[in-house]
Structures are given as structure tokens and as C-alpha cells.
Amino acid sequence: MMIEILEILDAPRGLVLFASPLGTAWARWRDSAEPAPGHYYVEIDIADEIDAWSASGGEARLEGDDTLAGVAVLGSIEHVDEDGIAWLRLGPTTTMVEFAAGVPLPLLGETVEFTAAVIDLCPYVL
């Protein structure tokens with residue numbers, strides 16, 4: 001997915017504010033090169049387990065401001081395994097997510113909303 005880094009929030013920790021087709025949010029930059037304002041192709045990674053979610057509706061989105069208080073994620077489930085691993089469709093891309101043990105699993109095709117403590121941006125070159 002193409003994103004634009006709008007601002008460096010915390011250079012030593014690699015935290016950036018970015019805009020994407022899914023909205024504006026903050027994330028942790030995962031690359032050996034320091035982040036800089038500009039356009040990049042990235043994969044989105046949600047490393048932490050999801051411990052709470054709700055059924056929702058609407059278009060896929062990522063929302064989180066520069067307060068670093070978490071990122072609201074809305075996407076649809078494309079695949080879910082019994083072990084809590086699922087593929088989440090976020091607009092033009094998918095990412096793997098893991099639901100914590102004991103958390104009810106969403107159904108295939110269900111649109112879910114949750115707050116991620118942090119998301120990672122992993123840049124790549126086409």
C-alpha cells in the first residue's frame with residue numbers, strides 16, 4: 001500500500017504520522033533507514049494479539065493521532081483459523097492478525113473493529 005509520511009513523531013523510536021487510502025494514523029517505521037517525509041510502499045503489520053473486537057460496518061480504515069494512544073483498525077476477515085490466526089482485509093491489502101486465547105473468533109467475511117496498541121510499517125521497493 002502506498003502511504004505518505006507526514007511527520008516524524010519520535011525519531012529514536014521510529015514513530016511516524018502517515019496518511020494512506022485508509023486514513024491518517026501513527027505507526028512504528030520498520031526499516032534500517034531512518035524515516036523521512038515522503039511516499040513509500042509498505043506492508044502493514046499488527047504484531048500484538050487482539051484481545052477485544054466488535055462487529056462493525058463501513059469502509060476499511062486506520063485512525064490514530066499523534067497522541068500515540070492506539071490505532072483504530074476496521075477491516076474484514078478473509079480467513080480465520082481455529083488457532084486464532086486470521087487474515088484481515090484493509091482496503092487494497094491484507095495483513096495477518098492474531099486473536100488472543102479466549103477471545104471469540106470473528107466469522108469469515110465479518111467486518112471487525114479493534115484498537116491496536118501499535119502498528120508497524122514495513123517499507124518495500126517495487
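The values are calculated or read from the model by the stated rules, or taken from the named source; none is laboratory data. Note that this is a predicted model, so its numbers are computed, not measured. Here Cβ is always computed from backbone atoms with ideal geometry, including for glycine, and neighbour counts include all displayed protein chains. Heads up: the accessible areas ignore ligands, DNA and RNA and are worked out on the full protein's heavy atoms, side chains in. Shrake-Rupley method; radii C 1.70, N 1.55, O 1.52, S 1.80 Å.
Looking only at the range 31-54, how many residues end up being open to solvent by 70 Å² or more (accessible area, probe 1.4 Å) and either part of a strand (DSSP E or B) or under 20 Å from residue 115 (Cβ atoms) (or both)?
Residues that pass the stated criteria total 6.
Evaluate the following for residue 94: is it of a type in the set (Ser, Thr, Tyr), touching a Gly at 6+ places or on another chain (Cβ under 7 Å) and either modelled with pLDDT of 95 or more or part of a strand (DSSP E or B) (or both)?
Considered against the rule, which asks whether it is of a type in the set (Ser, Thr, Tyr), touching a Gly at 6+ places or on another chain (Cβ under 7 Å) and either modelled with pLDDT of 95 or more or part of a strand (DSSP E or B) (or both), residue 94 comes out as no.
Are any of the residues in the range 55-69 without any contact (Cβ under 8 Å) to a residue 24 or more places away in the chain and either in contact with a Pro (Cβ under 9 Å, 6 or more places away or on another chain) or surrounded by fewer than 17 Cβ atoms within 10 Å (Cβ to Cβ) (or both)?
yes
Residue 101 passes all but one of (1) surrounded by fewer than 17 Cβ atoms within 10 Å (Cβ to Cβ); (2) within 30 Å of residue 37 (Cβ to Cβ); (3) hydrophobic (A, V, I, L, M, F, W, C); which number fails?
Every condition holds for residue 101 apart from (2).
How many residues are within 14 Å of the chain's Cα centre (by Cα) and either in a strand (DSSP E or B) or small (Gly, Ala, Ser) (or both) when one looks only at the range 55-68?
Residues in the range 55-68 being within 14 Å of the chain's Cα centre (by Cα) and either in a strand (DSSP E or B) or small (Gly, Ala, Ser) (or both): 5 in total.
Would you pick out the residues in the range 73-86 that are in a strand (DSSP E or B) and crowded, with 16+ Cβ neighbours inside 10 Å?
73, 74, 75, 76, 77, 80, 86
Can you find a residue in the range 18-29 that is modelled with pLDDT under 95 and surrounded by fewer than 16 Cβ atoms within 10 Å (Cβ to Cβ)? Let's see the steps before the verdict.
So in the range 18-29, the residues modelled with pLDDT under 95 come out as none.
The answer is no; no qualifying residue exists.
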